[in-house]
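The values are calculated or read from the model by the stated rules, or taken from the named source; none is laboratory data. What you are looking at is a predicted structure, and each value in this text was computed from that prediction instead of being measured. Please note: Cβ atoms are built from the backbone with ideal geometry, for glycine as well, and neighbour counts cover all protein chains shown.
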Amino acid sequence: MIISTFWKSCASVTGILLSVFILFSCSDTPRANQPETHVPSYEELADSVASIRLNQLGDSATYAGDYRQAIAYFQQSMDSAAVEADSFPYYDSKLDLACVYDRLGELPKAISIGEPVLEAFIRSGDSSRIGRTYATLAAFYGHAGMKEQKMQATQKGFDILKQYGSEIERCAAYNQLAFTYSDEGRWKEAIPLLDTALMLMHASGEVFLVPGMYLNMGDAYRHAGNLPEGSRYLQMALQNADSSGQIHVQARAIELLSLVAETRGDHRTALDLYRKSVGLKNSILSEEKNKAVKTLEIQYQTREKEQEIQVLRAREQASEARRNLLLGILFFVLGAIGAGLLYWREKAKRSQQALLHSREQLQNFAQLLVAKNARLLELEQIAGPPHPFEPAEDDDPNSGDLYNFRILTEKDWQTFKQQFEHSYPRYLHRLRMAFPDITNAEERLSLLLKINLTRSEIATMLGVSESTIKKGRARLRKRLALAERQSLEDFLQQF
């Protein structure tokens, strides 16, 4: 937590104990004089729990010395708590983050993060948090060599926590002030503060921290020149640390007892105690090294798993991207085919409509020619018209009158033929390719039968008798090589 960062950053055991004190004072239990807040909703509780859990993971990473991971956890905790403006979890995690930067020796960054946290807590009116933040900043200022700021922050934190803090928080405040005095060599002024801190420690019930307090008291008395009291407290620290398994405190207590023996002139005892403290320190270093190796192994395995997961995700994403691409191409092709089919269908529909319209126009034109020729015949009968036919230009001597006519005028016939070509594309071409010997008169009769004109209508259009048309049909059947029972009209319609 907040002052847990002092553990490695302080040069003396006094700083170590102070860090442990304020670590416990920064737990997630309710604080004294904290302002009442509204009852949180389910979503707020979920955010708060996530923030606290991430904060705890950050504490664990800090204790293990994995500061970069701790920074990541505290940052995530801040992000989780940031949904609430000026929320306590957000600024608690932010102060923890500042403490990690303090451990890394990045003091300007630690101070730049910690000072806005203090301002936020001052706005909130939470006295306990204000006091603890002053104490934390005092440590930052001390490490940065900012003595004046350190003294001011220490005193302000002490004044607040002494009045509003819980027993463990007041203990931390007294210890922090004592640490400030001892830093300046004012050991006699530090002793009463440490004594009060020890009393508050016993009252708080945090017995795990007592060996460290004894160690601080013994060191203070040693520096103050009171060797008997110093030895007594150091022996108490050694006994309590041994029973609670606090090897760090044991090693430091033995080292300080060695210094006491040396001051008294008992060099043999001093040497034995020093060797013993070195042995303990080596065992601690060995244990920490093993822990570090295990931590690295775990981190390596975790990173391998994460890389495997990332590779699998990348493969899944690539597979999904290919699948999506193929689906996109498929949909595009199907869409293109559909659009093409619709286009050709619409085009065929328009063509069919155009063809029907053209055939309708051809039929109308033919009917006009019939009517026109009928009128001409009527007029010729009244006026006594000359013979309408010229000699046939055909090699067939039996062509008769049907081969000596033309449809009214050559212009009428050409117009009719053009209309026919629009209505029945390439019909004439196919007819001539199939029957290359067909005559012009037979071709004309074929076209008129193709558009379903009756024998009477054809006779009227050509200006001949129906018997002449009958003879022309017989010659056309022979030209087309039709069977006796085969219909000439059906053949021409289906051709």
Candidates Ile247, Ile284 - the one that is surrounded by fewer than 17 Cβ atoms within 10 Å (Cβ to Cβ), farther than 30 Å from Arg170 by Cα and aliphatic (A, V, I, L, M):
Ile284
Those residues of segment 443-481 which are assigned to a helix (DSSP H, G or I), among the β-branched types (Val, Ile, Thr) and touching an Asp or Glu at 6+ places or on another chain (Cβ under 6 Å), in sequence order
Thr468
Residue among Phe208, Phe158 that alone is under 57 Å from the mean Cα position of the chain (by Cα), of a type in the set (Phe, Trp, Tyr), closer than 19 Å to Arg132 by Cβ and modelled with pLDDT under 85
Phe158
Residue count, segment 216-244 (criterion: under 17 Å from Arg186 (Cα atoms) and in a helix (DSSP H, G or I)):
11
Qualifying positions in segment 250-273 - surrounded by fewer than 15 Cβ atoms within 10 Å (Cβ to Cβ), in a helix (DSSP H, G or I) and not acidic (Asp, Glu)
Thr263, Arg264, His267, Arg268, Leu271
Residues in segment 469-483: is at least one modelled with pLDDT of 85 or more, within 17 Å of Ala366 (Cα to Cα) and surrounded by fewer than 20 Cβ atoms within 10 Å (Cβ to Cβ)?
no
